[in-house]
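Notes for the one structure printed next.
The values are calculated or read from the model by the stated rules, or taken from the named source; none is laboratory data. Note that the coordinates shown come from a computational prediction; the quantities given were computed from them, not determined experimentally. Reconstructed Cβ throughout: ideal geometry from the backbone, glycine too, with neighbour counts over all protein chains shown. Calculation scope for accessible area: heavy atoms of the full protein, side chains included, ligands and nucleic acids excluded. Shrake-Rupley method; radii C 1.70, N 1.55, O 1.52, S 1.80 Å.
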Amino acid sequence: LTEFSPVPLTIEGSCVLHQLFEFDWKAWRGASAQDRQHVTEEATDLFRGLGIAGEKSSPEGSALYSLLGHKGDLMMIHFRNSFEDLNSLEMKLAKTSLYGFLKAKFSYLSIVELSLYESSAKTYAALAGNGVQQHTPEWNEVIHEILERQREAMAQRLHPSIPPAKYLCFYPMNRKREGKQNWYALPLGERQRLMHDHGMIGRRYADRVRQVISGSIGVDDWEWAVDLFADDPLVFKQLIYEMRFDEASSLYADFGPFYVGIRLNPEDFPEWLAVDSAEKM
Amino acid sequence: LTEFSPVPLTIEGSCVLHQLFEFDWKAWRGASAQDRQHVTEEATDLFRGLGIAGEKSSPEGSALYSLLGHKGDLMMIHFRNSFEDLNSLEMKLAKTSLYGFLKAKFSYLSIVELSLYESSAKTYAALAGNGVQQHTPEWNEVIHEILERQREAMAQRLHPSIPPAKYLCFYPMNRKREGKQNWYALPLGERQRLMHDHGMIGRRYADRVRQVISGSIGVDDWEWAVDLFADDPLVFKQLIYEMRFDEASSLYADFGPFYVGIRLNPEDFPEWLAVDSAEKM
Amino acid sequence: LTEFSPVPLTIEGSCVLHQLFEFDWKAWRGASAQDRQHVTEEATDLFRGLGIAGEKSSPEGSALYSLLGHKGDLMMIHFRNSFEDLNSLEMKLAKTSLYGFLKAKFSYLSIVELSLYESSAKTYAALAGNGVQQHTPEWNEVIHEILERQREAMAQRLHPSIPPAKYLCFYPMNRKREGKQNWYALPLGERQRLMHDHGMIGRRYADRVRQVISGSIGVDDWEWAVDLFADDPLVFKQLIYEMRFDEASSLYADFGPFYVGIRLNPEDFPEWLAVDSAEKM
Amino acid sequence: LTEFSPVPLTIEGSCVLHQLFEFDWKAWRGASAQDRQHVTEEATDLFRGLGIAGEKSSPEGSALYSLLGHKGDLMMIHFRNSFEDLNSLEMKLAKTSLYGFLKAKFSYLSIVELSLYESSAKTYAALAGNGVQQHTPEWNEVIHEILERQREAMAQRLHPSIPPAKYLCFYPMNRKREGKQNWYALPLGERQRLMHDHGMIGRRYADRVRQVISGSIGVDDWEWAVDLFADDPLVFKQLIYEMRFDEASSLYADFGPFYVGIRLNPEDFPEWLAVDSAEKM
Amino acid sequence: LTEFSPVPLTIEGSCVLHQLFEFDWKAWRGASAQDRQHVTEEATDLFRGLGIAGEKSSPEGSALYSLLGHKGDLMMIHFRNSFEDLNSLEMKLAKTSLYGFLKAKFSYLSIVELSLYESSAKTYAALAGNGVQQHTPEWNEVIHEILERQREAMAQRLHPSIPPAKYLCFYPMNRKREGKQNWYALPLGERQRLMHDHGMIGRRYADRVRQVISGSIGVDDWEWAVDLFADDPLVFKQLIYEMRFDEASSLYADFGPFYVGIRLNPEDFPEWLAVDSAEKM
């Protein structure tokens, strides 16, 4: 290959938006019982409409979480077929009465992706072996075919339904580009090896945690978003701690903020919002 | 050349201002239907006046985008002939009734530019070959002539009309100056080679994405602004991911925040603003 | 061991939430004496209910501190059996009248942990000596047994009661992963040696300060939280200063913000809140 | 010289304060026409009193600029004889009715300075040649005399009148102290050479831009402030871009935020403030 | 010595709190003349009670400064015997009517300290020479005696009265721990040499500036706080500029924000607060 450092073949699926909000409890307590009831009903309807609740197990779903800590009170995650659908959903929420009590604290835009490191290494080697130059029509055709085939084979992982797990751990991350620790300057084979070893750890946790990786290079401020779904949040700590010692993370990972939420079904939302009217001051 | 590291010949065109705003949906819902109608009409008129809508395809245009995520709700991009025109446009917007619902989240000031690396290398070599000293009147005259010729030849790229593409991806960036990874300490020929290879990737995407580079050294906090216009936002991710592996980006690029917006024509703005009066609480 | 850098055996206990709030003294002074009395009573009841006051010396306790400086006015620390209990406690507080006067400034989510470096080194060596491969059923069984035994033996340290000390010093921290100073790339034996030396300093302060370490990899933005409990705050400075010169801290520690608070019992809280009504303006 | 790295002889002049404000257009539009007129008149009077307008071309002047972008709306620069005069001027402004519409976004405190690198090198060498020890009375006397002579010779540059140029570019900056790129560990002769080459670039722009350097070590958060005054803002970009490739900037400069403003005379301020009363909502 | 890098013997004195506030001039102008008079009187009384004004030249004093720039309007510095006294003083201020016009922008908590580098080097060498092991009872006794003796000898410097100087320069700072520039990994003798040379510069400024160093490791976010008191603020710039070239600062210092204030006596505070009632809008 003539290039500095070859790009791995990558296939993309659903568009993803994370939204994190603070809830204005003071204003909420100050609202009339009637207004609170109206907001609660409108919001519950909206959440059902968004596909929250797991009724629709289609890949175009959303989920709601009660966040731990001061980084926000509510977290939503939305999987859709396009950025346009995500923006229209944002606008729909912004125009509800609930939105008057929400303050956006963070959001994250990304696209579900799978990196085909093994396939890339084999294909690039085969094409080079056959004397096919990069980016020639012949080369492009082979690559196109592989990507199409993989997209079909991986359709379910590219357009995932949201796992019903009780806990969500979400964080964005980068691969380092600092001096000698530059992921993007490593040979493809080296990156393939590191990704393989990294993946082996995940595999040992596969029965306890479901992972969705989405890419955000060019669309948001970190390079990837990671969503982990599990029924026991201790697994988040154990998995990520173990990974920190593998070569890929130890040398090349740069982590953003971590967010942990507890699943909230639309039917539980009225309870989440409920305040004791008698206590109102 | 006697200098530490020669500056590439550079030609400049339109002045550019990006403005990113949060929209106060709570106050908007609280406003009377009459006030909302007034604001909507005034804003739509202003946007038409700013050259938004593509009717005027002159280089002095503006465009409006609905932003994804919490970084803001509306993004405007303005191309004008001077900073004074940009400031007067800012003032005009600040004095509208719409501005009472906007909160500035970010902005970016820059000037469309083209770096003439190939021309620089040839010219500097030729002048040195002829024994012409840098910054002498003779040297200045030759340089001046080249710049003038290029400005004419490149007039359309220096004063671009805003492409009508559905999506805009905007981000500022720097070239690194850290230890051995110092773009500004590289020999001119090395920078020329890196820019050439970098450009080759862009060329392969030319039919799917339009790119405008503007320089902001000395006028804003990063060194360059990049605007990518495309009908499919997946292209942003693919192009920028591929570029991250080229030598220029892998070793020398330092990226700022990324913003993605969906084009909003003035005639669509009333719909964007519309809230259901009956729902108002 | 075939791995890049082995993970130390680690056992976990109570879930921990730190909450730091600013108190809105202006609004408080503006509230009626009646409202202030109501808030004071409701809050005092809540604090007693949360296990604040040391009456319940069970491991599911909370404590309240008056913070020094502008980083906040009140700090709470909560030990519970699950993240769900912590979130439900957060919601309970958010729905009180007191919460209308609080503004969240920071929080920290973590899980009490003990790293078994000595045990890890011995066990890994023994298993390797016996030819037991990592992550095989045989290997897993041995590890599982050790962890269970240690969890029982260390139950009190894993589920600590909050020491009644007058002062609390809380800070989050990371181990560095920068170039050659990469904790996660050190051999296990080297990390064991550094942790041992680091622990020797703590041991000399054991009669003057009680320390609780909780891990937050995967659940909050730093890797660990440290809580020091002492009756003389000078000890915080002396202990941490001395530790800064040990090899583990000098080369590998990266410290977050430091928070110092003075213990506030529920029965002292009314006094803390009391303002002179006559002075109210 | 026995010292680690000798300090260049430096002479100081006027005290400088930059103030950057956001203007609350919403509140302004909401104010009565009468109130707006009162504020406008009071502010215009104040600005004249501050020496804004160029009528007083004394070194104790101030100037007002309309800022580009979201970093603020108004920028003021004040040159005075003491910090006390600057603070009293700040207080005067804070007590006007205009101040109720201003929100401080940034400020910068500094003292006009000239570094006498050539003089330092010569003098230190001569004194060393004569066997005069540093900081002895004899040494001090020689230094004192040189500084006095230079202060007189450079009086105009140390106490500059504000150039009437249409545009101001202001930014703070540091010299790096990172590993091998440590300005403060370079030999004096090396720094002298770098400053000389750096200055040569500025000299070529002397007819198009006026530069004022002020030092802020010990009084604000960066080490220097740079003010560039020009009638064509493109010159800011060209000059600073060219300088970025010189050795002093390429290796040792660390830049803060950049601010660009357009000169606003007191007589233009009413126009800047004017809003269409009929449009008021 | 068997330790990685020995801790210097250190003695501590007064507890210190810096408080920096923005003053809400808009609300102040909006308050009634009667309310302003009440606040002014209450605040002036409080300030006298805090020991502001130099009447009490006891070490338990406070001082008030009018800050330059946008980082705040008022700075207070308090020296007390305990953190508890500092917290009770904070609470007292928070409950005044003045506090309704103050917004906390920054604060800093620290403890006056003296590092006994020379004494440490001699003592450690002598003890080692006598074969006394570190941290044995014999070793502890010798160290304890030295610290006691030094605390008595240095009592005045450990519990300083606030100098009546017109200007205060306050900044926090760290010693670097980055790769080869790691203060905490230097041999004790090397640190002793650097501190000695650093101190020699300060000594030359001793008649123009009074310096108080307080340590904040373990109690606030930087490692030390520096307070410089002088009648001519130019001295701050000259002293700190000169120090930046010494080896200790050039290689190992990492500086926080710098704050400069002008002394405000309680009797001057009413004047500082005075606004022209007739001008009120």
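Ranking C:Tyr65, B:Tyr205, D:Pro266 by Cα position along the charge dipole of the protein assembly as shown, where only Lys, Arg, Asp and Glu carry charges on their C-beta atoms, puts B:Tyr205 farthest toward the positive end.
Considering the rotation that superimposes chain C on chain E, the residue of C whose beta-carbon lies nearest the axis, and that distance in Å, is C:Gly179, 6. In nanometers and ordered shortest first, the copy-to-copy spacing of the A:Gly202 label point, defined 7 Å from Cα toward Cβ, is 3.3, 3.3, 5.4, 5.4. At an R0 of 56 angstrom, the distance between the Cβ atoms of A:Ala153 and C:Asp35 translates into a FRET efficiency of 0.30. Looking at the protein assembly as shown, the accessible area is 39 square angstrom per residue; that uses a 1.4 Å probe and ignores ligands, DNA and RNA. Ranking B:Ala128, B:Ser88, B:Phe170 by how far each Cα lies toward the positive end of the dipole of the range B:50-179 (charges on Cβ) leaves B:Phe170 at the top. Here the convex hull built on the C-alpha positions of the range E:229-279 has a volume of 125 cubic angstrom per residue. At a Förster radius of 45 Å, what calculated FRET efficiency corresponds to the Cβ-Cβ distance of B:Trp272 and E:Asp45, to the nearest 0.05? The formula returns an efficiency of 0.20 here. For the range B:237-260, a drop of 20 Å² or more in accessible area on going from the chain alone to the assembled protein chains (1.4 Å probe) is found at B:Lys237, B:Gln238, B:Tyr241, B:Glu242, B:Arg244, B:Phe245, B:Glu247, B:Ser250, B:Leu251, B:Phe258, B:Val260.
When the Cα centres of the range C:23-46 and the range E:92-138 are compared, how far apart do they sit, in Å? That distance is 38 Å. Heavy-atom surface analysis with a 1.4 Å probe gives the protein assembly as shown a carbon and sulfur content of 49 percent of its accessible area. Taking a ≥ b ≥ c as the square roots of the eigenvalues of the alpha-carbon gyration tensor, the range B:131-228 is classed oblate because a/c is 1.5 or more while a/b is no larger than b/c.
Summed over qualifying helices (DSSP H, 4 residues or more, each -39500 (n - 2.57)) and divided by its residue number, chain A shows a 222 nm mean residue ellipticity of -11500 deg cm²/dmol. Per the Kirkwood formula applied to alpha carbons, the range D:40-127 shows a radius of gyration over Rh ratio, Rg over Rh, of 1.14. What the Cα convex hull of the range E:79-200 gives, in volume per residue, is 189 Å³. For chain B, the relative contact order is 29 percent, taking Cα pairs closer than 8 Å that sit 6 or more residues apart in sequence and dividing their mean separation by the residue count. Projecting the Cα positions of E:His78, C:Ser214, A:Leu9 onto the charge dipole of the protein assembly as shown (unit charges on Cβ atoms of Lys, Arg, Asp and Glu, taken about the Cα centre) puts A:Leu9 furthest along the positive direction.
Beyond 44 Å, how much of the Cα-Cα pair distribution for the protein assembly as shown remains, as a whole percent? When all Cα pairs of the protein assembly as shown are counted, 49 percent exceed 44 Å. Restriction of the GluC sites (Glu not before Pro) in the range D:19-110 to DSSP coil positions whose beta-carbon has at most 12 other beta-carbons within 10 angstrom yields D:Glu55. Remark: accessible area buried at the A-C interface is about 3900 Å², both chains counted, probe radius 1.4 Å.
Taken over the range C:1-157, the convex hull of the Cα atoms encloses 141 Å³ per residue. The lysines whose alpha-carbon is closer than 24 Å to the alpha-carbon of A:Lys180, local same-chain residues fewer than 8 away aside, are B:Lys176, B:Lys180, C:Lys176, C:Lys180, D:Lys176, D:Lys180, E:Lys176, E:Lys180. Summing Lys and Arg as +1 and Asp and Glu as -1 over all other residues whose Cβ lies under 10 Å from the Cβ of C:Pro270 gives a net charge of -3.
Filter the cross-link list B:Lys92/B:Lys237; D:Lys71/E:Lys71; E:Lys166/E:Lys237; D:Lys166/E:Lys71; B:Lys103/E:Lys105 down to pairs whose alpha-carbon distance in this structure exceeds 25 Å. Result: B:Lys92/B:Lys237; D:Lys166/E:Lys71 exceed 25 Å. For the range C:174-239, the equivalent ellipsoid derived from the alpha-carbon gyration tensor has semi-axes of 25, 16, 10 Å in decreasing order.
The orientation-averaged projected area of the convex hull spanned by the Cα atoms of chain B comes to 16.6 nm².
Per residue of A:194-202, other chain Cβ atoms within 10 Å of the residue Cβ number 1 on average. Of interest is the spacing of the C-alpha centroids, which for the range B:177-194 and the range D:155-193 amounts to 24 Å. With the label put 7 angstrom out from Cα along the Cα-to-Cβ vector, E:Glu145 ends up 5.6, 5.6, 9.0, 9.0 nm from the copy partners, going from closest to farthest. Based on alpha carbons, the Rg and Dmax found for the range D:187-281 are 18.6, 66 Å. By the Stokes-Einstein formula, at 0.692 mPa s and 37 °C, the range B:161-202 with its Kirkwood radius over alpha-carbon pairs has D equal to 253 µm²/s. Across the alpha-carbon atoms of the range A:83-141, the computed radius of gyration and Dmax are 22.2, 63 angstrom.
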